[in-house]
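What follows is a short report on a single structure.
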Amino acid sequence: MRDEARTSNSNVEGLKLSEQVVKTFRAARVFHENADRVNAIDFSTNGETLITSSDDESIVIYDCQQGSSKKTLNSKKYGVDLIRFTGLMHLTGRPVANFDPEGLIFAAGINSEMIKLYDLRSFDKGPFSTFQLVKEKDCEWTNLKFSADGKMIMLSTNGTLIRLLDAFTGQIKHTLTGFANKNYSIEASFSPDAQFVFSGSSDGKLHCWNAETGNRVAVFNAEHGCVQCIQFNPKFMLLASACNHLIFWLPHLDYDMQ
């Protein structure tokens with residue numbers, strides 16, 4: 001990898017994520033560590049490490065600051081799937097669930113039509129709030145995530161839409177479309193500042209929308225199959241996407257944005 005790609009995180013320190021910056025993202029490093037589909041990725045909370053699991057039964061740990069793989073572990077006996085550093089596993093069936101940013105509230109999406117909110121300190125009393133939505137007709141919910149500010153809930157599907165909901169009222173704020181999906185469980189993720197939503201697609205492209213307006217900001221060509229995994233680093237200006245290969249994306253600063 002080029003030195004400029006390896007050190008870009010330090011070079012953009014203090015740079016704020018904006019639509020202008022998002023449009024400059026380029027593939028800085030492509031990793032060919034896996035022989036089969038990468039089925040899950042997750043950043044450590046300090047943003048320094050990324051861990052992946054693959055259908056080739058390997059776990060790979062990456063150094064995000066150096067832009068290099070650190071260690072590969074194999075689990076031929078049991079296989080690996082849905083790897084996470086901490087928190088609740090994301091199930092591709094029903095229901096889907098996740099914690100809010102403070103870890104005190106968790107939401108459960110049921111039958112692709114209902115969201116129930118529970119307080120972890122008293123969840124045995126049942127949900128303290130329930131949002132009833134129109135049942136999805138042509139797809140099912142495959143993942144649920146809160147934005148980092150706790151104001152939005154994102155529902156990913158195995159179809160060609162993503163729902164953004166107001167986390168307090170359950171009202172649908174935006175329906176994000178325009179990406180390809182042939183019945184895959186494709187991950188979508190918020191940026192750490194909750195400004196943007198990034199999603200993979202089945203035709204090898206990455207899509208980005210403004211979470212507040214719902215408008216598409218950019219489309220990137222990953223040039224590698226169906227992109228099912230995508231996450232933004234919680235600390236650094238780094239986006240990761242994966243299919244059979246893992247790609248680190250960084251802003252390409254040809255001009256002064258500071």
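Computed values, structure above
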quantity	calculated
Positions within region 119-156 being within 25 Å of residue 228 (Cα to Cα) and touching an Asp or Glu at 6+ places or on another chain (Cβ under 6 Å), in sequence order	135, 146, 150
Region 232-249, residues that are assigned to a loop (DSSP other than H, G, I, E, B), aliphatic (A, V, I, L, M) and in contact with a Cys (Cβ under 7 Å, 6 or more places away or on another chain)	238
Close pairs from region 120-134: first outside any loop (DSSP other than H, G, I, E, B), partner modelled with pLDDT of 95 or more and of a type outside the set (Asp, Glu), Cβ under 6 Å, at least 6 apart	131/170
Residue list for region 95-121, filter: over 23 Å from residue 192 (Cα atoms) and of a type in the set (Gly, Ala, Ser)	112
Region 138-173, subset closer than 22 Å to residue 203 by Cβ and over 17 Å from the mean Cα position of the chain (by Cα), residue surrounded by the most Cβ atoms within 10 Å (Cβ to Cβ)	140
Filter pass, residue 63 being under 20 Å from residue 239 (Cβ atoms), at pLDDT 85 or above and surrounded by fewer than 16 Cβ atoms within 10 Å (Cβ to Cβ)	yes
Unmet criterion (only one of (1) farther than 17 Å from residue 204 by Cα; (2) at pLDDT below 95) for residue 30	(1)
Search result, residues across region 25-72 that are among the polar types (S, T, N, Q) and not in a strand (DSSP E or B)	34, 44, 45, 46, 65, 66
Residue match in region 157-177 (condition: in contact (Cβ under 8 Å) with a residue 60 or more places away in the chain and in a strand (DSSP E or B))	no
Test: residue 243 is over 22 Å from residue 97 (Cα atoms) and either of a type in the set (D, E, K, R) or under 15 Å from the mean Cα position of the chain (by Cα) (or both)	yes
Condition met for residue 186 (part of a loop (DSSP other than H, G, I, E, B), among the hydrophobic types (A, V, I, L, M, F, W, C) and either buried (at least 21 other Cβ atoms within 10 Å of the Cβ) or at pLDDT 95 or above (or both))	yes
Residues (within 22 Å of residue 98 (Cβ to Cβ) and buried (at least 17 other Cβ atoms within 10 Å of the Cβ)) located in region 211-237	211, 227, 228, 229, 230, 231, 232, 233
Count - residues of region 217-234 that are more than 22 Å from residue 33 (Cα to Cα) and touching a helix residue (DSSP H, G or I) at 6+ places or on another chain (Cβ under 9 Å)	2
Boolean, residue 204 is in contact (Cβ under 8 Å) with a residue 24 or more places away in the chain, farther than 19 Å from residue 30 by Cβ and surrounded by fewer than 22 Cβ atoms within 10 Å (Cβ to Cβ)	no
Any hit, region 198-212, residues being under 29 Å from residue 56 (Cβ atoms), touching a Ser or Thr at 6+ places or on another chain (Cβ under 7 Å) and part of a loop (DSSP other than H, G, I, E, B)	yes
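The values are calculated or read from the model by the stated rules, or taken from the named source; none is laboratory data. None of these values were measured; they are calculated from a predicted model. Backbone-built Cβ (ideal geometry, glycine too); neighbour counts: all protein chains shown.
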